[in-house]
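Below you'll find the structure, written out as structure tokens, and then a few comments.
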Amino acid sequence: MNCENHYIPQIAEITNIVQETTGERAVKTFRIVLKDKNVQMEFDDRRPGQTCILSIFGKGESMFAISSSPTKKGCLEFSVQRMGRVTEKLHELEVGDEVGIRGPYGNGFPVDEWKDKNIFFIAGGIGMAPVRSVMNYVLDNGKDYGEPHLIYGARSSRDLSYKAEIDALEQEGAIDVRRTIDVEEPGWLPIDNKNPEQAKFDPSCRKFTGFVATTVLAMKCSPDNALAVICGPPIMIKTSIASLAKLGWSDGQIYMTLENKMKCGIGKCGRCNIGGVYVCVDGPVFTYAQVKKMLNDQ
Amino acid sequence: MSDEIIRAEAKKALRDRGLKCVIGWSADGTPFFAETEEDIEKLSFNKFCANNLVPYLTQEIRSQRGKTRDGKEKIVKPVGIVVKGCDSKALLLLLNENILSRKEVFIIGIPCTGVADRHAGGALYRKCIKCAMRNPAVYDVLASEKVQEDTKDYSEIEAIEKMPAEERWKFWKDIFADCIRCHACKRSCPVCYCDECLLDPTDIAIKPDTTAEEKAHRPRWVERSVNIPENLVYHLARLPHLTGRCVDCGECERVCPQRLPLRLLTAKLEKDVKEIFNYEAASEEGQKPLIAMSCMEDDNGFIM
Amino acid sequence: MNKYILKKEKVTDALNTLGNASVVYIPVKNKRGLVEYRELGKNASAADVRLDCKPDVPPKGILFPQTEVLFTFKKMGGKITVTPARPDDREKVIFGARPCDAIAITLMDRVFCGGKFTDSYYKARREKVTIFTIACDGPADSKCFCPSTGGSPAATDGSDVMMYDVDDSYYAEGITDKGRKILEALKGHLGKPTPEQEKRKDEIIKKAESAEGFTRKITEESIGRLDSSFDSKYWDDIARRCLSCGACTYYCPTCHCFDINDEPGSKRVRTWDSCQFSNFTMHTSAHNPRTGKGQKLRNRYYHKFKYSKENIGRYLCVGCGRCIALCPAGLDITKAISEVK
């Protein structure tokens, strides 16, 4: 056979596991290294925002966004929430165990088109995983881009991932970080969800109680020479986009990474389409303008 | 003549009983959901009205059930249905099993002398020759005069029973080799009403709060692979769930695109249930389900 | 020379000759009355071949089997080895396809071998398949509507050898290099067409191209209206009687959706799937973007007539009408697309 078999996973080893959150829907970040160094180099040569399909042999496959930036070479990181058949088993694995991986798939973020822009990374819950890959890419290539900002929300402070990493970035002043939670905790300044524009706070305040969408409004994220990367639960994306629209953002400035049930990852099995667009190969990254058009063109 | 009665009764019930709709057939024999008096004018009955409409009745009633935001039970509007003899037996079974309640349904019965494939001209389906349930077993109104019942013919079943084991095994393997697991049989079956079928790997009910454990540890009784062993499991595990419930309406065989003679199984099941338990599914209103009738006198010889 | 005559009485010999060099699939009526493709020498003999009707089952399964092992895997001491399934690259002949099914194969080619990725399992089979197609001169049955989909009863797309029923013989013409080559190999069974037979063949083509006799149609205008009918209530209305079985998709010559699962026996298996099944698009979070039957039905029809046109420039439906013949609920794609508002 003289063409590549895209269904065969490459074998990789888990070299590190970080327990990001605990509980029923815990999140763990797995660092994996391809056994074949040449294949690892091929994976290193990718765009942020691309995805991979991980195999837990005997259980099945699932597609995940690669949550490490391509600037972090020699490995791949995936932040996985414990949801079902494949992820439950994955969460039981230990450092040294092997998994399968195929990819990288998808279009990734068009980072070459973002030169000198201020970038707002807006993430909710597990949506931070794909955002992290492009955020770290932008930070590692800092001189090519404008001011980076992160607004990251979750249900509670216990549900926020990448604590150490984001704390460190904040300390270094590498990126303007604001975290938000839904239910008030001591030290997390409440923002009135009904009147976020009226919020007054010291610019040094970085922990808020309020939805991500309201924090966006309270922060008055400026659309001038800027773009936004949004990922999270559907309601969070919807409301955050509405907030940005109120602040004068246009649809083409907003980048999203979509997800759908996937099996093949290569545009053959017919499952992940929105109209004539396959999220696995044509996406998962789209601007909001493109998403609106896709929904309209169905 | 019967069309006029069906339409008149349907319109009357739509008005007087506040029906959500009346499920019947169009003149070309396809299932039709009549919601207005204008719709009802399209209802008709002829020999091409082969579909058993009871699965749609279950669909229309169940989709109305549930709780409102305030936690109150939603109001279920009754649904009308036109049923032939075989259809009505299935409906009676669902009533006896308390899946549907009598006040939720308005039944227009139509005695039937046999139905035919609308795509294949006029010959009646095999099941209709020598049918013993031509007249509806349960109804609010009848749309025509009752007709003469026949006695059911089990000679095909008896011929298979007489086959030596080797030959019988080959006979059934041959049949199940042709199954493509499209599930048309299960979907058209009026008594297969489970939201989630343990024999259908495409049909798992999950909710937002279903835990990872539940999803991970749910057994896969049937794999997606289509081959004789898996097909056997599908059919021969579905059957015991129909024991004393299947009324042999024949929809499974009618809809099977591979033309598997599934009534050889359902009729055999019906025969066994009669002979072993002296029980006929849906033989009267209020009848207890067979599986609820186990007693000390049952033959337990198979256990030891 | 590329045009031959194969006398009907010699078809059996020709098939057996083909069978010496290739696996030959022929349409055969099975014991349940269904005309399906079977393997010559394995579960069919040449004398059983049925070339006089449109097979009930398309030849899709020959190139894209319903169940296919992609690979097996072994875990020993925490280390995993993956063994890909050997590609099925035997020489194959499909003898007795109809133009709709041959066109369908070209569409499957675009799905599986087009775009950024090529499906190696499909490709390995496809390269070794030679297709003999029998032209129709009009609708094979009342369900046919190939002219509405850009096809025709005598279209040659996808065929390597085109055959025309000229009474006591088949007029056989090599359309592709593969076709010409295989006819060369069959020379011993073939003769030269007479002027009468040439004329008869031209009559068949003329009648086919006139597209007369088709009772089912979908107009370009109706298909154009799909753009503005996405939110129509019509889809939920007609889907009310859909039973969500997989009959339409499994018998459709161009439906290609599949599932991938790990199964006991340490294997990863690809199987046909249907967008009409309940959980086709269900996320593990229980969010289902296409949860209603109307949404599923609409997606299927739009995939066939809108999305495919946008993506590969051609309708994915070939007008074979099998979904219409088989639907237990009497759904009819020609009616639906013509009527939706």
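The values are calculated or read from the model by the stated rules, or taken from the named source; none is laboratory data. Fair warning: this is a prediction, and the values are worked out from it, not measured in the lab. Cβ: placed from backbone, ideal geometry, glycine included. Neighbour counts: every protein chain shown.
Based on what the data block shows, is A:Gly23 within 12 Å of another protein chain (Cβ to nearest Cβ), under 27 Å from C:Met76 (Cβ atoms) and either modelled with pLDDT under 95 or surrounded by fewer than 20 Cβ atoms within 10 Å (Cβ to Cβ) (or both)? So A:Gly23 does not fit the description; no. C:His283 passes every criterion in (1) facing another protein chain (nearest Cβ under 7 Å); (2) assigned to a strand (DSSP E or B) apart from (2). Screening the range C:2-37 for residues that are in contact (Cβ under 8 Å) with a residue 12 or more places away in the chain and part of a loop (DSSP other than H, G, I, E, B) and picking the one that is farthest from the other protein chains (Cβ to nearest Cβ) gives C:Asn2.
Restricting the range C:263-280 to residues that are under 12 Å from C:Glu68 (Cβ atoms) and more than 7 Å from every other protein chain (Cβ to nearest Cβ) leaves a set whose member that is farthest from the chain's Cα centre (by Cα) is C:Lys267.
For the range C:109-123, taking the residues that are of a type outside the set (A, V, I, L, M, F, W, C) and within 7 Å of chain A (Cβ to nearest Cβ), the one that is surrounded by the fewest Cβ atoms within 10 Å (Cβ to Cβ) is identified as C:Lys116. Just so you know, in the range B:112-126 the residues that are of a type in the set (Gly, Ala, Ser) and part of a loop (DSSP other than H, G, I, E, B) include one that is surrounded by the most Cβ atoms within 10 Å (Cβ to Cβ), and it is B:Gly114. May I ask you to verify whether A:Glu4 is free of Cβ contacts under 8 Å to residues at least 40 places away in the same chain, assigned to a loop (DSSP other than H, G, I, E, B) and under 23 Å from A:Gly283 (Cα atoms)? Yes; evaluated as a whole, the condition is true for this residue. Every test in (1) farther than 21 Å from B:Ala212 by Cβ; (2) in a helix (DSSP H, G or I); (3) within 11 Å of another protein chain (Cβ to nearest Cβ) is passed by A:Asp112 save one, and that test is (3).
Taking the numbered list (1) touching an Asp or Glu at 6+ places or on another chain (Cβ under 6 Å); (2) charged (D, E, K, R); (3) more than 14 Å from every other protein chain (Cβ to nearest Cβ); (4) assigned to a helix (DSSP H, G or I) in turn, B:Glu230 passes all entries but (3).
Within the range B:238-252, one or more residues are small (Gly, Ala, Ser) and more than 14 Å from chain C (Cβ to nearest Cβ). Residues that are within 14 Å of chain B (Cβ to nearest Cβ) and surrounded by fewer than 22 Cβ atoms within 10 Å (Cβ to Cβ): does the range A:28-44 have at least one? Checked the range A:28-44: at least one residue is within 14 Å of chain B (Cβ to nearest Cβ) and surrounded by fewer than 22 Cβ atoms within 10 Å (Cβ to Cβ).
Within the range C:301-327, residues that are within 13 Å of chain A (Cβ to nearest Cβ) reach partners that are of a type in the set (S, T, N, Q) and in a loop (DSSP other than H, G, I, E, B) with beta carbons closer than 8 Å, at six or more positions or on different chains, in the pairs C:Tyr302/A:Gln298; C:Lys304/C:Thr254; C:Leu316/C:Thr254. Mind listing just one residue for me: the one in the range C:41-92 that is facing another protein chain (nearest Cβ under 10 Å), aliphatic (A, V, I, L, M) and not in a strand (DSSP E or B) and, of those, nearest to C:Asp141 (Cα to Cα)? Filtering the range C:41-92 for residues that are facing another protein chain (nearest Cβ under 10 Å), aliphatic (A, V, I, L, M) and not in a strand (DSSP E or B), the one nearest to C:Asp141 (Cα to Cα) comes out as C:Val57.
Note on the range B:10-53: among residues that are over 24 Å from the mean Cα position of the chain (by Cα) and touching a residue at least 40 places away in the same chain (Cβ under 8 Å), the one that is nearest to C:Leu331 (Cα to Cα) is B:Leu14.
Step by step: first the residues of the range C:281-305, then only those that are of a type in the set (A, V, I, L, M, F, W, C) and at pLDDT below 95, then the one that is farthest from the chain's Cα centre (by Cα). Which residue is that? Result: C:Ala286. The set of residues in the range B:24-59 being β-branched (Val, Ile, Thr) and either in contact with an Asp or Glu (Cβ under 8 Å, 6 or more places away or on another chain) or at the interface with chain C (Cβ under 9 Å from one of its Cβ atoms) (or both) consists of B:Thr30, B:Val54. Selection within the range C:196-246: residues that are closer than 27 Å to C:Thr133 by Cα, more than 14 Å from chain B (Cβ to nearest Cβ) and of a type in the set (Val, Ile, Thr). The member of this set that is surrounded by the most Cβ atoms within 10 Å (Cβ to Cβ) is C:Ile218.
A residue that is part of a strand (DSSP E or B) and within 21 Å of the chain's Cα centre (by Cα) can be found somewhere in the range B:65-80. If the condition is being among the aliphatic types (A, V, I, L, M) and either surrounded by fewer than 22 Cβ atoms within 10 Å (Cβ to Cβ) or touching a His at 6+ places or on another chain (Cβ under 8 Å) (or both), then the range A:278-298 contributes A:Val281, A:Ala289, A:Val291, A:Met294, A:Leu295.
Can you pull out every residue in the range A:244-271 that is touching a residue at least 12 places away in the same chain (Cβ under 8 Å), out of contact with any Ser or Thr (no Cβ under 7 Å at 6 or more places or on another chain) and part of a helix (DSSP H, G or I)? A:Leu244, A:Lys246, A:Gln253 - these are the residues of the range A:244-271 that are touching a residue at least 12 places away in the same chain (Cβ under 8 Å), out of contact with any Ser or Thr (no Cβ under 7 Å at 6 or more places or on another chain) and part of a helix (DSSP H, G or I). Going through (1) on the phi < 0 side of the Ramachandran plot; (2) more than 20 Å from the chain's Cα centre (by Cα); (3) modelled with pLDDT under 95 one by one, A:Gly187 falls short only on (1). Of the residues making up the range C:289-312, none is farther than 17 Å from A:Tyr278 by Cβ, surrounded by 19 or more Cβ atoms within 10 Å (Cβ to Cβ) and in contact with a Pro (Cβ under 9 Å, 6 or more places away or on another chain).
With respect to the conditions (1) without any contact (Cβ under 8 Å) to a residue 40 or more places away in the chain; (2) under 21 Å from B:Leu57 (Cα atoms); (3) facing another protein chain (nearest Cβ under 8 Å), C:Thr291 falls short on a single one, namely (3). Against the definition (part of a loop (DSSP other than H, G, I, E, B) and free of Cβ contacts under 8 Å to residues at least 60 places away in the same chain), how does B:Ala159 come out, yes or no? Answer is no for this residue.
Residue selection: A:Ala213 fails the criterion of being in a helix (DSSP H, G or I) and more than 24 Å from A:Thr287 (Cβ to Cβ). Looking across the range A:90-110, the residues that are buried (at least 19 other Cβ atoms within 10 Å of the Cβ) and among the β-branched types (Val, Ile, Thr) come down to A:Val99, A:Ile101. Among the conditions (1) under 28 Å from C:Leu326 (Cβ atoms); (2) within 21 Å of the chain's Cα centre (by Cα); (3) away from every other protein chain (no Cβ under 11 Å), B:Gln258 misses just one, which is (3).
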